[in-house]
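For reference, the structure discussed in these notes is given below.
Bear in mind these aren't lab numbers, they're just calculated from the coordinates by the rules spelled out. As the structure is a computational prediction, the values presented were derived from the model and not from experiment. Glycine gets a Cβ as well: all are built from the backbone with ideal geometry, and neighbour counts include every protein chain shown.
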Amino acid sequence: MTEPPQPPPNQPPPPSGYGHLPGPPQLAHVPPPGANPYAQQPPTVPQPQAPPGRFPQPGYGYPQPPTVPGAPQGMPGALGHPGGQRPRKPAVILAAVVGATIVLAVGGYFAFGHGGGDSPEHPVAQGSTPADDKPSGSPSVDTGDGSGNGSGDQEDLNAGRKPGEDKVLWYKSAKIDGPGAGVPAQGQWVVGDSVVKTVGKSLVGYQVTDGKQKWKLDFPADVCGSTNQTTGDGKTVILLKDGDSDTADCSQMKLIDLKTGKEGWTKTVEQQNLFDTAISAYPSIVGDTVAVNRSISTTAYKISTGDKIFTGNVPEGCKPRAYIGGNAKMIGLATCEDADRTVEVQGIDPTTGKKSWTYRLAKGFEINSVYSVDPVVIDVGNRDTKKRAIMSLGPDGKTRASMSAEGSFVVNCGAGSDSLQGCGTSAVADDTLYLATLPANGAKANEIVAFDLGTGKAKWRTPSGENAGIIPLVAEKGRLIAYRKSVSSDKGGEIVSVPAAGGNPTVLLHNPSGPASEVESAFYSPELDYVDGRFFVSVTRLQADGKDEKLLMAFGK
């Protein structure tokens with residue numbers, strides 16, 4: 001049967017911390033209610049180990065030297081910024097919650113995963129919208145033969161299904177020859193009747209009901225940047241490398257209609273100076289604006305035409321290094337030209353780039369992740385003191401509350417890049433932040449904590465149970481939708497709904513036992529979506545060794 005999940009082989013070991021720190025800082029508890037988030041020294045918990053092939057990502061803050069040619073993304077020499085899908089739809093690192101096997105730092109200086117638009121955009125822009133928990137009918141499971149078409153003589157993945165369990169709708173595999181380090185496959189979008197997946201140098205659209213291929217786009221180079229956010233009519237912007245070398249610049253923007261597979265305009269990202277190169281980038285979408293965030297620069301373009309609107313290369317003051325959009329709002333993350341090189345959050349007009357408000361972080365603090373843009377919810381930390389706080393800001397940029405609760409929280413940004421948006425372990429809706437904790441004291445089970453963004457107090461926690469981990473997917477319509485990973489590979493996971501006011505979870509989808517559960521549990525650092533009663537899970541990297549590899553799996557009624 002399916003072997004346990006393994007990280008891609010032949011990748012260099014992770015570097016040690018932000019910039020040139022000698023090692024990873026410790027995880028910290030969030031300050032208690034009423035405490036100064038910039039003054040308290042929290043207790044620490046033991047560090048888990050990082051899996052091979054995942055690179056720690058720096059927090060956002062002080063400018064770094066330009067990207068080192070040939071260096072893996074996230075290594076010293078690259079400035080941390082919201083760059084990559086998660087966000088993309090966050091690629092959720094289940095290993096962090098299920099087995100605590102990745103390196104995490106106070107405030108996320110070691111951040112892994114996809115993911116994926118910030119939390120409020122996860123339901124809106126990323127497609128994980130539980131609009132209807134009763135999907136249309138689907139034929140029997142369609143398995144893959146390595147071509148990605150789902151045909152061939154394969155084992156029946158529903159063979160071990162027990163009474164009351166739902167089923168695998170279809171399954172896709174892929175067979176790709178590539179470099180020893182593998183190829184990226186981070187993008188996943190569910191738009192209309194299509195689920196679209198990145199596969200190295202291609203985008204492939206599948207029918208959500210039966211997995212039949214609808215369209216395929218082949219590109220001359222790898223996709224190096226994407227966001228799970230889309231426009232209202234189902235378009236998104238991806239970035240391609242300008243060549244096949246390890247040092248190729250991530251500079252080619254392309255507009256894609258995800259519903260039809262049609263290509264729109266193609267543009268080259270404007271280079272702001274001689275050092276403005278990057279091997280990855282992260283686009284962020286709001287309205288008719290897409291911001292392209294790279295290692296030391298950020299520029300906003302008009303989606304309808306591809307024309308440049310404004311840039312973060314302002315003449316003086318605090319220079320934005322990233323623009324992040326969501327829920328019709330945009331913020332800038334800027335480095336200030338003072339002696340302390342402090343970090344500033346700015347309210348930005350997405351059509352003009354003008355500032356409407358500013359919020360200055362305390363000396364030494366950086367932004368680890370952006371959980372939401374409207375309302376603004378940020379995770380900040382100090383790499384030297386190991387202090388951390390999760391804060392909500394009002395529409396005028398003034399502090400509303402600092403989140404506080406016992407336990408340590410996953411910071412799962414990056415999506416294989418140094419993005420800060422699209423953390424796949426959080427969701428925001430109705431003035432509430434839902435955040436996944438790390439398993440405590442060696443346990444497998446974790447919790448989700450619901451925070452009131454007005455008071456900073458914890459409203460409720462999901463009860464601990466036999467399941468190995470629980471991950472927020474989307475929050476809307478008065479409920480939180482989450483994925484409960486099974487405690488063992490012989491039992492399928494579940495999609496559950498938790499009332500916004502708290503209470504016992506209701507199971508919406510119970511994935512089958514048997515062969516299907518072994519495949520489901522073997523997805524390493526997967527992309528997750530629950531849309532219209534269907535659950536989609538896919539890989540974020542392919543080993544590309546010429547052998548059949550699991551790619552994409554769909555569950556439903």
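How much FRET efficiency would the formula 1/(1 + (r/R0)^6) give for residue 443 and residue 338, where r is the Cβ-Cβ distance and R0 is 60 Å, rounded to 0.05?
E(calc), rounded to 0.05, equals 0.85.
So if each residue of separation counts as 0.36 nm, and I subtract the Cα-Cα distance between residue 316 and residue 159, what length gain in nm does that give?
50.1 nm
Would you grab the residues whose amide H sits under 5 Å from the one on residue 265? Only those 5+ places off in sequence or on another chain, please, with H modelled 1.01 Å from N.
Amide H neighbours of residue 265: 255.
Once phi is turned into ³J(HN,Hα) by the Karplus curve 6.51 cos²θ - 1.76 cosθ + 1.60 with θ = phi - 60°, what whole-Hz value does each residue of segment 445-456 show in order, with x for glycine and proline?
Working through the residues one at a time gives 7, 10, 10, 10, 10, 9, 9, 7, 6, x, 10, x Hz.
How many percent of all Cα-Cα pairs in segment 292-385 sit more than 16 Å apart?
Of all Cα-Cα distances in segment 292-385, 54 percent exceed 16 Å.
Ranking request for peptides 205-213, 452-460, 363-371, 350-358: highest mean number of other beta-carbon atoms within 10 Å first, then the rest in descending order.
Those peptides, ordered most packed to least, come out 363-371, 205-213, 452-460, 350-358.
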